[in-house]
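The values are calculated or read from the model by the stated rules, or taken from the named source; none is laboratory data. Remember, it's a predicted structure, so these values are computed and weren't measured experimentally. Because the Cβ atoms are built from the backbone with ideal geometry, glycine has one as well, and the counts that use them run over all protein chains shown. Keep in mind that these areas ignore ligands, DNA and RNA; they rest on the heavy atoms of the full protein, side chains included. Shrake-Rupley method; radii C 1.70, N 1.55, O 1.52, S 1.80 Å.
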Amino acid sequence: MTHRATVDFLLYDWLQAESLCQRERHAEHNRETFTAVLDLSEKIAQEQFAPLNRLTDTHEPEFDGVTVTLPKETAVAMAAFNESGLMAASKDAEVGGMQLPTVVEIASMSFFYKASVSLAAYPMLTRGNANTILAHGTPKQVEVFAKGGFEGRTFGTMCLSEPQAGSSLSDIATRAVPDVAGDGTGIGWQADSLGPRYRLKGNKMWISGGEHEMGENIVHLVLAKIPGPDGKPVAGVKGISLFIVPRKLVQQDGTITAQRNDVALAGLNHKCGYRGTVNTLLNFGEGQFPVNGEAGAVGYLIGKEGEGLKCMFTLMNEARTSVGLGATMLGYAGYEYSLDYAKQRPQGRRMGSGGKDHSAPQIPIIEHTDVKRMLMMQKAIAEGGLALGLLCANLLDDEQTGTGEEAEKAGLLLELLTPVAKSWPSEWAQEANSLAIQILGGYGYTRDYPVEQYWRDNRLNMIHEGTHGIQGLDLLGRKVVMNGGKALSVLAERISETIQKAGHVDGLAGHANALAQALQKVGATTKAAWSTGVPEEALANATPFLQAFGHTVLAWVWLELALAAKAAQAAGEWDKSPLGPGFLQGKLATADYFFSYELPKIDAWLGVVSRRDLTCAQAQADWF
């Protein structure tokens, strides 16, 4: 199918990923090593993950009051992934990594998200967990807690939400108090080599991967509040700290003991989709597994006291771009399946000048214009979303291994695009999955075909790691105005460069002009939204702004892809491809589709933002 070929096109024809090998960090790599990693990823995904996608959907995790049971094949698939070394693909050799560019690592993960997004969530969370400890932990914490994750011996979670406080993290109630001598030695909490030791008490909800029997341990990263001098927790997010809370206690030398920490599973959440990822309600410190005769889960402070949310954003931002890529690949899976179905399913006949000739054979439904429209939209979303995900990964590479102004601009642009990378695929790949069901018709609405599961799995992505509303508030309320709009200026500069290039290419000048107008409208709308300086007015329509901003970014991406396709055509690089000339022509046609059908939608979205329309904001509860 088209996925692997598109990955190659995006990496080499568009992003020029081979050039990253000129940097010292990636000097031992080349296109051949990249290809080997992608080949391995595709093989494991197809052989170990894809066959379990339906199994884990129909055989949900079970809890008998003591143990969580998953289909035994889940552990086999995880072992295959872990043994491949892909968990630490982009990490330093010192922590067992391959020092691959992040963009190759993310391209690798796209195969796993498409094969089974709910199984891919385990390595996604574990990698993010370990990356956070690597970024903010002490050398000892990295050695003891992060390396196990990178090696695939342990698993990781992120514990933010609580039953009474979902996205409103300032209202979390979990508490952490110093554990003066919790190990029974009497040496005091400050002398613990694993970091300042605390006892945590509280409840965490919606914790993916929170309890299972895979691996040697589960490392929880938990947000909690430390009481101030008056014994009361500090109000707001400034009072939040971050803690490493292992499921099984760990000795000072890193040895994992058999003793359970005081973290207990209260129950499982039964989800519409994404069922292969066990989702839990965890109780911390309620005394079910007392440590040294005391209730309270033992946790180690990571980073500075009161900077927990700052540290956790390392994991949250990584998770947001990963959620976006997962949504994209569910859309991609539905697109490929419905495309194959449309090519094989005969129905209807061609319309001629005299009407239909009912004696003629039926035609495949892909010959019907409306089916082509639905496939084109899916293609625009799936391939555009994949391009966006790889672009963000490439920006991270430039931020981390680039130099000077290049690195600074990459970091600003990545920060600006993160809410888009999470939200745009989550919304539109869901629509793509709906269109896949539509193409299959009544068959698509049955469990005999996989497209309904893709839809159910994808419905979660608009919710977790920050809803659309939160991403919109982040984008319009913070990202586009931060540092005097510096990040927005960087984006405008990049888009303008693309417009200049495309303006001189046959067939793309019209798109360049349309994108220039869209960019101007987004800038003017941003100013209009904040013209009164009243946040309630500016942010009343943050979600429509997010939608318009996302479509403008994707129009830029598609114009970039069109330029890359034109260049590849001129160079004859894909002439010998089994996919034939239609592969590149398909990219150009999809760019045409996006500019004709999708980009014009931004006017309605931006209209309510620029007018600071308060229709929804002023609605009263008793009106509903």
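Among the residues of segment 502-520, how many are more than 22 Å from LEU412 (Cβ to Cβ) and assigned to a helix (DSSP H, G or I)?
8
For segment 39-47, does any single residue satisfy the condition of being within 20 Å of GLY209 (Cα to Cα) and in contact with a helix residue (DSSP H, G or I) (Cβ under 7 Å, 6 or more places away or on another chain)? Step through it out loud before you land on a result.
If we filter segment 39-47 for residues that are within 20 Å of GLY209 (Cα to Cα), which is where we start, we get 45.
From what's left, in contact with a helix residue (DSSP H, G or I) (Cβ under 7 Å, 6 or more places away or on another chain): 45.
The answer is yes; a qualifying residue exists.
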Please determine whether any residue of segment 286-296 is touching a Lys or Arg at 6+ places or on another chain (Cβ under 9 Å) and under 30 Å from THR56 (Cα atoms). yes
Residues of segment 396-412 being open to solvent by less than 10 Å² (accessible area, probe 1.4 Å) and in contact with an Asp or Glu (Cβ under 9 Å, 6 or more places away or on another chain), in sequence order, are ALA410
Return the pair list, or none, for Cβ contacts closer than 7 Å from residues in segment 52-71 that are of a type outside the set (Gly, Ala, Ser) to residues that are open to solvent by 20 Å² or more (accessible area, probe 1.4 Å) and assigned to a helix (DSSP H, G or I), at least 6 apart or on different chains. LEU52/GLU73; LEU55/GLU73; PRO71/LEU55
Considering (1) open to solvent by less than 30 Å² (accessible area, probe 1.4 Å); (2) without any contact (Cβ under 8 Å) to a residue 24 or more places away in the chain, say which one ALA27 fails and leave the rest. (1)
Pick from segment 110-138 the residues that are open to solvent by 10 Å² or more (accessible area, probe 1.4 Å) and not in a helix (DSSP H, G or I): which of them is nearest to ASP192 (Cα to Cα)? THR138
The conditions are (1) in a helix (DSSP H, G or I); (2) at pLDDT 95 or above; (3) among the small types (Gly, Ala, Ser), and ALA570 fails exactly one of them. Which is it? (2)
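Going through LEU301, LEU281 one at a time, which residue ends up being at pLDDT 95 or above, assigned to a strand (DSSP E or B) and open to solvent by 30 Å² or more (accessible area, probe 1.4 Å)? Give the steps one after another, and end with the answer.
Values: LEU301 fails: open to solvent by 30 Å² or more (accessible area, probe 1.4 Å).
Being at pLDDT 95 or above, assigned to a strand (DSSP E or B) and open to solvent by 30 Å² or more (accessible area, probe 1.4 Å) holds for just one of LEU301, LEU281, which is LEU281.
With respect to GLY306, determine if the residue is of a type outside the set (Phe, Trp, Tyr), in contact with a Ser or Thr (Cβ under 7 Å, 6 or more places away or on another chain) and surrounded by fewer than 24 Cβ atoms within 10 Å (Cβ to Cβ). First the steps, then the outcome.
Working: of a type outside the set (Phe, Trp, Tyr): yes; in contact with a Ser or Thr (Cβ under 7 Å, 6 or more places away or on another chain): yes; surrounded by fewer than 24 Cβ atoms within 10 Å (Cβ to Cβ): yes.
Considered against the rule, which asks whether it is of a type outside the set (Phe, Trp, Tyr), in contact with a Ser or Thr (Cβ under 7 Å, 6 or more places away or on another chain) and surrounded by fewer than 24 Cβ atoms within 10 Å (Cβ to Cβ), GLY306 comes out as yes.
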Which number in (1) open to solvent by less than 10 Å² (accessible area, probe 1.4 Å); (2) touching a His at 6+ places or on another chain (Cβ under 9 Å); (3) of a type in the set (A, V, I, L, M, F, W, C); (4) in a helix (DSSP H, G or I) marks the one condition that ALA107 misses? (2)
Among residues of segment 309-335, those that are open to solvent by less than 10 Å² (accessible area, probe 1.4 Å) and within 20 Å of GLN471 (Cα to Cα), counted: 10
